[in-house]
Amino acid sequence: GIRPVMGTGDHKATGLAVARSLGIARDGDLAVDGRELEAMPEQDLRHDLDRISVFARVHPAQKLRIVEAFQAKGNVVAMTGDGVNDAPALARADVGVAMGITGTEVAKGAAKIVIADDNFATIVSAVEEGRLVYRNLKKVILFLFATSIDEVVVLLGALFFGYPLPLAAVQILWINIVTEGVLTVNLVMEGPEGNEMNRPPIPRDEPLITRGMVTRMLGMVAASVAATLGYFVWRLSTGAPLELVRSETFTVLAVCQWFNVLNCRSEQQSVLGLSLFKNGWLLGGLILGNLLQVLVIYTEPMNRIFHTVPIPLFNFFLIGAVASVVLWVEETRKFF
C-alpha cells in the first residue's frame, strides 16, 4: 500500500533506469526533470502524478511543490532527505525522514523521524512496527470494551428478569482491576502476526472503533453474557445456595475474560494456531490471573473480603467448559 517515488540529483534517464531496476518505475511511467517541472502547470502535474516515478535535478522549492501536489490528491506523504535543501519538503511532508549519519542538523531538525543507520530498509521496519503498535492498541480497546459491557449487561439482565444480583460489588471491582489488569498491558506486547506489510495502510479518517470491531464486540459480549447469566440462572434453579452460585458466576465471568483476551490476539487467525509462548507477558498474565482467582475462591481471608465460598472441583471444570463458549463463537466467525 506504499508507493515509492524517486527524487534524484542524477539525469532523469539515469534515474529512470535505476528506478526500473528497483521496481519503483512501472511500464509506462515517466521521469520529469526540474526544468520540465518548472514549465508544467499545477493541473497537469496533479494529473500525471500517478505516472511520474522519478523527479530528477529538482531544487528545494520544487521538492516542496512535489510533496504538496501529492498531499493535494489526498495522499499521506513521507519524504526522505539529508541536506539543507531538503528541509522545507521534510517539514511539509506528513512524515519527514532524515538520515542520521550523513544528514545535516537542519534536515534532522525539520524531520519527524531520523534513521540512525541511514538504511532505507529501516524505514520499512519502522512502518511495520507502527502498524503493529496501532493494531495492538485496537486489540486492547476491543478487549476493554467487550469485557466492560458484558458486566453491565449481566447485572441489568438479572435485575430485569427479577433475579438477585449475580455479582457482589467487590467482585465487580476484582474483575475490573485484577482480572483485566493483569492482561491489558500484556496484550499491547503482542508480537507481529506476519501480515502487517501485506495489508493496506490505515486511512487517516478511519475511526478508532470500526464497524468490524463493533461486530466482533457484539459477538463476544453476547457469548459472555449468555454464558455468565445463563449459568447463574441454571444454578439458582438447582437450589444451590446463593453465595455459592455467586462465587461460581463470578468465576465464569473471569474465565470469559481470559478467553476474550485470547480472542483479541488476532482478528483473523485462529487462537488454536497462535502459540501463547510468542507473548510471554500474556502467558504470565493468564497464569497470574488463574492463581489469583484460585486464592480468592479457596482461601478463607479472601472469602470474607470478596464474599466467596469454595467451589466444588467438578464445577470448576464445568465453569471452564461453559465460559469457553466465548472462544468458540469468535472462532466460528474467524473460520467463515
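The values are calculated or read from the model by the stated rules, or taken from the named source; none is laboratory data. On a predicted model such as this, the values are computed, not experimentally measured, just so you know. All Cβ positions, glycine included, derive from the backbone under ideal geometry; neighbour counts span all protein chains shown. Areas reflect the complete protein model, heavy atoms only, side chains present, ligands, DNA and RNA absent. Shrake-Rupley method; radii C 1.70, N 1.55, O 1.52, S 1.80 Å.
General observations
- Rounded FRET efficiency, nearest 0.05, which uses the C-beta distance separating Gln268 from Ala169 and R0 of 56 Å: 0.90
- Distant alpha-carbon pairs in the chain (separation over 27 angstrom), percent: 57
- Protein heavy-atom accessible surface, 1.4 Å probe, per residue over the chain: 51 Å².
- Set of lysines near Lys112 by C-alpha distance (under 19 Å), chain-local residues within fewer than 8 positions excluded: Lys63
- Carbon + sulfur, % of accessible area of the stretch 216-292 - ligands and nucleic acids excluded, 1.4 Å: 70
- Segment Lys73-Leu318, extension gain: residue separation times 0.36 nm, minus the distance between their alpha carbons: 82.4 nm
- Degrees separating the helix 211-237 axis from the principal Cα axis of the chain, which is the longest one: 10
- Cross-link reach list, lysines versus Lys334, counting only Cα pairs under 29 Å and skipping chain neighbours closer than eight places: Lys138, Lys139, Lys278
- The 3J(HN,Hα) values that the Karplus relation (6.51, -1.76, 1.60; θ = phi - 60°) gives for the stretch 75-92 are, in residue order, 7, 8, 10, 10, 10, 9, x, 9, x, 4, 5, 8, 4, x, 5, 4, 6, 7 Hz. Gly and Pro appear as x.
- Mean ellipticity per residue at 222 nm, deg cm²/dmol - from DSSP H runs of n ≥ 4 across the chain, formula -39500 (n - 2.57): -19000 deg cm²/dmol
- Estimated translational D of the stretch 249-296 in µm²/s (Stokes, Kirkwood radius over Cα pairs; 10 °C; 1.306 mPa s): 137
- Distance distribution note for the stretch 160-233: the fraction of Cα pairs above 15 angstrom is 77%.
- Binned Cα-Cα distances of the stretch 11-136, short to long, each 5 Å bin given as a whole percent: 2, 11, 17, 20, 23, 17, 8, 2, 1, 0
- Compared with the dominant Cα axis of the chain, that is its longest principal axis, helix 12-22 is turned about 30°.
- Rounded to the nearest 10 degrees, the inclination of helix 280-298 to the longest alpha-carbon principal axis of the chain is 20 degrees.
- Environment charge of Asn303, counting only residues whose C-beta is closer than 14 Å and scoring Lys/Arg +1, Asp/Glu -1: -1
- Partners for Lys73 among aspartates and glutamates (Cα-Cα distance below 19 Å; same-chain residues under 8 apart left out): Asp29, Glu42, Asp44, Asp48, Asp50, Asp94, Asp205, Glu206
- Carbon plus sulfur fraction of accessible area for the stretch 1-91, probe 1.4 Å, in percent: 53
- Mean separation of Cα pairs under 8 Å and 6 or more residues apart, divided by the residue count, gives the chain a relative contact order of 14 percent.
- Rule-of-thumb Rg ratio for the stretch 91-132 [Cα; 2.2 N^0.38 Å; N residues]: 1.13
- Heavy atoms of Ser21 accessible to a 1.4 Å probe, total area in Å² rounded to 10: 90
- Multiplying each eigenvalue of the alpha-carbon gyration tensor of the stretch 165-299 by 5 and taking the square root yields semi-axes of 32, 18, 13 Å, largest first, rounded to whole angstroms.
- Protection proxy ranking of 252-258, 310-316 - average other beta-carbon atoms within 10 Å, highest first: 252-258, 310-316
- 3J(HN,Hα) couplings calculated from phi for the stretch 121-132 with the Karplus curve 6.51 cos²θ - 1.76 cosθ + 1.60 (θ = phi - 60°) are, in sequence order, 5, 5, 5, 4, 4, 5, 4, 4, 5, x, 5, 5 Hz; Gly and Pro show x.
- In the chain, the DSSP beta bridges split such that about 0 percent are antiparallel, to the nearest 5.
- Heavy-atom accessible area for Met302, with the other protein chains in place and a 1.4 Å probe, reaches approximately 50 Å².
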